[in-house]
Amino acid sequence: MDKRIYVAGHRGLVGSAIVRTLQQMGHSNIVTRTHAELDLKDQAQVRDFFKDENIDEVYMAAAKVGGIHANNVYPAEFIYDNMMVQSNVVHEAWRNGVQKLLFLGSSCIYPRMAPQPIKEEYLMAGMLEPTNEPYAMAKIAGIKLCESYNRQYGTDYRSVMPTNLYGPGDNYHPENSHVIPALLRRFHLAKINGDEEVVIWGSGTPMREFMFVNDMAAASVHVMQLSKDVYDQQTTPMQTHINVGTGVDTTIGDLARLIGKVVGFSGRISFDTSKPDGTPRKLLDVSKLKALGWSAQMSLEQGLEVTYADYAKELAAAA
């Protein structure tokens, strides 16, 4: 019998990619709910959902997410909403006999000044980045929630921590988008408007790691399907999370030049060094993921080409 798999957050960047990946693998019994159909912050609704649906596995990709601005303006919502959603889903999954669950976290769980590349054991070894501390605290609580249910109830709830993600279905909002969709939008507009120059904030020297979302989905399914014996070889009962990334980073300057090339912008790219750079480097150590038999497939340039084609199609459909 085909497993009934619930993907929470199926309309989001990662959740939608997980659904696509599962469908490509032949899974036809995928359960989804929109926010209007199921408010994951409401314990009674989540309880009724799990009681009625006979779920076998859960991919926990639902979360309230946003950029620095949103995290600064709505810190209470970021910690409350995320803690309520993950607490309800994990608890009601356990109450209804779901043995396997994959919790999706974020690389912002690690200390702001963590040594590079960032290993899983650096969790809670220092102060968090203040601008997204409430969100990071909620995600840390989610990891520990899964670990605690495993320790007390014998469940097999796992956690993966992705690096910066991008790809089809991303958010291109002018104020709330992350760096790749924001730059794709700016370079596209510059090309359309015939601008001679695009100015990038900061020096362009900070280094960041970026992963195509389809790779993230493939890694998530791979980690979920590993036997417990294999997974346990790379984790401990109180450190069950696994980093998911490419193991390769690039400067913001090189990223901007690559996006300019992909978009077809032929003007100048300059850097406004009066603007802040942020953390100098943020790269995940993915040696545990590689030891579990998985590595990223999509190069940054290939991923950007696919993403830009999707964005252009989105713009054409909206025109």
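Any read-out appearing in this document is the output of simple, stated calculations on the displayed coordinates, not a laboratory observation. Everything quoted here is computed from the prediction, not taken from an experiment. Please note: Cβ atoms are built from the backbone with ideal geometry, for glycine as well, and neighbour counts cover all protein chains shown.
Worth pointing out:
- GluC sites (Glu not before Pro), loop per DSSP, at most 14 other Cβ atoms within 10 Å - longest free stretch of the chain: 38-174
- Partner aspartates and glutamates whose Cα lies under 17 Å from the Cα of Lys261, excluding those fewer than 8 positions away in the same chain, are identified as Asp195, Glu196, Glu197, Glu301, Glu305, Asp310.
- Going from the residue with the fewest nearby Cβ atoms within 10 Å to the one with the most, Asp229, Asp272, Asp39 rank Asp229, Asp272, Asp39.
- Of all DSSP-defined beta bridges confined to the chain, some 10% are antiparallel rather than parallel.
- Put in order of Cβ neighbour count within 10 Å, fewest first, the listed residues Leu258, Leu165 become Leu258, Leu165.
- Neighbour counts of other Cβ atoms within 10 Å put Thr34, Thr273, Thr155 in the fewest-to-most order Thr34, Thr273, Thr155.
- Each Cα pair of region 46-199 feeds into the Kirkwood radius, which the Stokes-Einstein equation turns, at 4 °C and 1.567 mPa s, into a diffusion coefficient of 74 µm²/s.
- DSSP-assigned coil residues among chymotrypsin sites (Phe, Trp or Tyr not before Pro) in region 201-272, each with at most 15 further Cβ atoms within 10 Å: none
- The HN-Hα couplings worked out from phi for region 96-101 by the Karplus form 6.51 cos²θ - 1.76 cosθ + 1.60 (θ = phi - 60°) are 9, x, 6, 8, 10, 8 Hz, whole numbers, x standing for Gly and Pro.
- Residue-span extension gain [Lys41 to Lys313] - 0.36 nm each, minus C-alpha spacing: 94.5 nm
- Coil-residue trypsin sites (Lys or Arg not before Pro) of region 197-265, DSSP, other Cβ within 10 Å capped at 16: none
- Annotation for region 122-136 versus region 139-166: alpha-carbon center distance of 17 Å.
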